[in-house]
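The values are calculated or read from the model by the stated rules, or taken from the named source; none is laboratory data. Computed from a prediction, not measured in an experiment: that's the story for all the values here. Cβ coordinates were reconstructed from backbone atoms using ideal geometry, including for glycine residues, and neighbour counts include every protein chain displayed.
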Amino acid sequence: MSKLLLSGNEAIARGAYEAGVTVAAGYPGTPSTEVLENVSEKYQDSIYAEWSPNEKVAFEVAAGACFSGARVITTMKHVGLNVAADPLMTLAYIGTVGGFVAVVADDPGMHSSQNEQDTRHYARFAKIPILEPSDSQEAKDFIKLGIQISEEYNTPVILRSTTRVAHSRSLVSVADRQESGKPVVFEKNPQRFVPIPAWARQMRLKVEERLKKLAAAAKTCPANKVIWNDKKFGIITSGIAYQYVREVLPEASVLKIGMPFPFPDELIKDFAAQVENVLIVEELEDFLEEHIKALGIRCEGKSLIPNIGELSPDVLNELKIEKGKWKRENSETNDSPLNLPARPPVLCPGCPHRGIFYALGRLDVVVTGDIGCYSLGVAPPLSRLDTILCMGGGVSVAHGIDKAQQHNAKKQKIVGMVGDSTFFHSGMTGLLDIAYNKGSSTIIVVDNRITAMTGHQDNPGSGRTLMGEETGEASIEEIGKACGIKNIRTIQPRDIKTAVSALKEATESPEPWLIVSKAPCPLHLRKPVGPVQYIEDAACKACGACLKLGCPALEKQSTGKVRVNTLLCAGCEMCKSVCPAKAVNELRT
């Protein structure tokens, strides 16, 4: 058995390989993205991997494969499980044949997410087991354990990762692949796989029976363990919080719960009976604490440990025992010692989305946004997004505002914005709703032919699969036609004059429009999209018109005039098109 230095995501991919997984489906979303990327890069001879259009589809693909006896994983971030919640709840009733593990990565601190969620609640909601690794070794091992539990109890299993586990590296002992050895074939049994009410009622009873068996086995589950030290300090913890506890409070006795649900009641009671003071240290919600208090065990938890943001050793450094009780001292450890200026994220130099936002700035419209790079259009100087809800919401929210104002004497002009990958994910249904219910909003799909914000993953419009195979490119324009949208126009967003003209025509029309803003992501191309520009200092009038583009390559000088940072310039020429003094020209070497 050899050792490798692996991130949590790399370890999960390795665990899938060692566990004999043959199908892996998911949707990219930080912090989970690298799991399937590693599967496709390193284990494609053994595992079929795909980026599905959304998490619901990925979950259903994995469910279908497991119904045939295959071992499977599906991957997503926490908000993705919201999308996949429908099949999750029913798969918990139907049960599994081959091993099924849903890898869900939470993002405490919202490093790259629109909210914080604690996926452990979904496990309790669905009445299925959840495993929570604390490092890369456990991330690998718990995939194998999850497959084992899934097949033994015919249940889907969730593996809850977090940002810190997913991206931190540690040594991992690796082993050989263990094939299932069972034939992959679907055996017909409607009473087993079809949850019509008459049969689903019997499935419901089996869910409860299964949960009792899992709860009884929780005490001896290898994911749960006790580390005995000073029995004055008793800490119950799980996930990455365990690592912080061991670092900051090494003298404490610790109950590490690697399978938070079903709750290991007997183990918790035994541990609590042998320590003087019980503290629950968990990241985000009081999932364990609430249940432990319900068992009648006196303990402290969220009164001392915050339920907002990412946990850190600094928080635990403030804890101490005083007069037989846990206390938390106020300290300056959570304050940044450096008074650094804010560095808000910006659209990259040459980003085609900048042109469409600039064009929207010329119009009096309400813009409903979505999840992707173009979310950055909310920041100054573009300041051209008014709402963001969820993936696909840019389309549907626009329609909602439009319909709410249908009887107004003067309706606001509504524009919905969505990216190409997000359009394929869940924007198409909103567009269909607009056509079917006679809406009048204008929908813009900013199409850069790649899933850019999560690291340039392929999607149904890119022409390549996760496995590197060439495939057909889905046409947004043709999908729009199929939905019933009659007014469709494709524009080059770097041509700002044409963009303004097209948007003005669309927003003044009483009918719905689909504008496809089509231009490649320069970061994905890894080359400039045009010639590098420069600004002739003598011709510059210091009017600041080009600065309204918010391009990082444009720098304001002390004189008020603007210069081009040629190391950053991507050659999009948008600054040239908006300069009234014609001071921007191609740099010649």
### Query
Of everything in the stretch 280-315 that's in contact (Cβ under 8 Å) with a residue 24 or more places away in the chain and more than 31 Å from the chain's Cα centre (by Cα), which residue is surrounded by the fewest Cβ atoms within 10 Å (Cβ to Cβ)?
LEU295
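What residue, of ALA506, ALA545, ALA474, ALA519, is in contact (Cβ under 8 Å) with a residue 12 or more places away in the chain and over 25 Å from ALA398 (Cβ atoms)?
Among ALA506, ALA545, ALA474, ALA519, only ALA545 is in contact (Cβ under 8 Å) with a residue 12 or more places away in the chain and over 25 Å from ALA398 (Cβ atoms).
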### Query
Of all residues in the stretch 208-253 being of a type in the set (A, V, I, L, M) and in contact with a Gly (Cβ under 8 Å, 6 or more places away or on another chain), which is modelled with the lowest pLDDT?
ALA252
## Note on the structure
Out of (1) among the charged types (D, E, K, R); (2) more than 24 Å from GLU50 (Cα to Cα); (3) without any contact (Cβ under 8 Å) to a residue 40 or more places away in the chain, the one GLU511 does not meet is (3)
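Yes or no, residue by residue, for (1) under 20 Å from TYR43 (Cβ atoms); (2) more than 19 Å from the chain's Cα centre (by Cα):
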| site | (1), (2) |
| --- | --- |
| THR74 | yes, no |
| GLY80 | no, no |
| MET110 | no, no |
| GLU132 | no, no |
| ASP135 | no, yes |
### Task
Output yes when any residue across the stretch 471-485 is over 27 Å from the mean Cα position of the chain (by Cα) and of a type in the set (Val, Ile, Thr), and no when none is.
yes
### Query
Any residue at all in the stretch 486-496 that is without any contact (Cβ under 8 Å) to a residue 40 or more places away in the chain and of a type in the set (Asp, Glu)?
no
### Task
Identify all residues within the stretch 563-578 that are free of Cβ contacts under 8 Å to residues at least 40 places away in the same chain and closer than 18 Å to LYS548 by Cβ; write none if there are none.
ARG563, VAL564, ASN565
### Query
How many residues, within the stretch 169-215, are among the hydroxyl-bearing types (Ser, Thr, Tyr) and either surrounded by fewer than 15 Cβ atoms within 10 Å (Cβ to Cβ) or touching a helix residue (DSSP H, G or I) at 6+ places or on another chain (Cβ under 6 Å) (or both)?
2
### Message
Only one of VAL397, VAL445 is closer than 28 Å to ALA545 by Cβ and either of a type in the set (Ser, Thr, Tyr) or not in a loop (DSSP other than H, G, I, E, B) (or both). Can you tell me which?
### Response
VAL445
### Message
What's the total number of residues in the stretch 403-417 that are assigned to a loop (DSSP other than H, G, I, E, B) and either surrounded by 14 or more Cβ atoms within 10 Å (Cβ to Cβ) or touching a residue at least 24 places away in the same chain (Cβ under 8 Å) (or both)?
### Response
4
### Summary
Residue count, the stretch 316-328, condition in contact (Cβ under 8 Å) with a residue 12 or more places away in the chain, among the charged types (D, E, K, R) and either part of a strand (DSSP E or B) or in contact with a helix residue (DSSP H, G or I) (Cβ under 8 Å, 6 or more places away or on another chain) (or both), comes to 3
### Condition check for ILE292: touching an Asp or Glu at 6+ places or on another chain (Cβ under 7 Å) and either closer than 23 Å to THR119 by Cβ or of a type outside the set (A, V, I, L, M, F, W, C) (or both)
no
### Task
Assess whether SER238 counts as being on the phi < 0 side of the Ramachandran plot, hydroxyl-bearing (Ser, Thr, Tyr), surrounded by 19 or more Cβ atoms within 10 Å (Cβ to Cβ) and free of Cβ contacts under 8 Å to residues at least 40 places away in the same chain.
no
### Task
Just give me the residues in the stretch 1-55 being within 16 Å of the chain's Cα centre (by Cα), crowded, with 24+ Cβ neighbours inside 10 Å and not in a loop (DSSP other than H, G, I, E, B), in sequence order.
GLY8, ASN9, ALA25, GLY26, VAL35, LEU36, TRP51, GLU55
### Task
Identify, by number, the condition in (1) outside the structural domain of GLY427 (by TED's automatic domain parsing); (2) farther than 19 Å from ASN448 by Cα that VAL367 doesn't meet.
(1)
### Message
Exactly one of these conditions fails for GLY146: (1) over 19 Å from GLU34 (Cβ atoms); (2) out of contact with any helix residue (DSSP H, G or I) (no Cβ under 7 Å at 6 or more places or on another chain). Give me its number.
### Response
(1)
### Task
Filter the stretch 56-71 down to the residues that are assigned to a loop (DSSP other than H, G, I, E, B) and buried (at least 22 other Cβ atoms within 10 Å of the Cβ), then identify the one that is nearest to the chain's Cα centre (by Cα).
ARG71
### Query
Of everything in the stretch 314-347 that's at pLDDT below 75 and touching a Ser or Thr at 6+ places or on another chain (Cβ under 9 Å), which residue is farthest from LEU385 (Cα to Cα)?
THR333
### Message
THR507 - would you say it is in the same structural domain as LYS481 (by TED's automatic domain parsing), β-branched (Val, Ile, Thr) and over 22 Å from CYS575 (Cβ atoms)?
### Response
yes
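Return the only residue of ARG164, ARG201 being in contact (Cβ under 8 Å) with a residue 60 or more places away in the chain and farther than 25 Å from ALA70 by Cβ.
The unique qualifying residue is ARG164.
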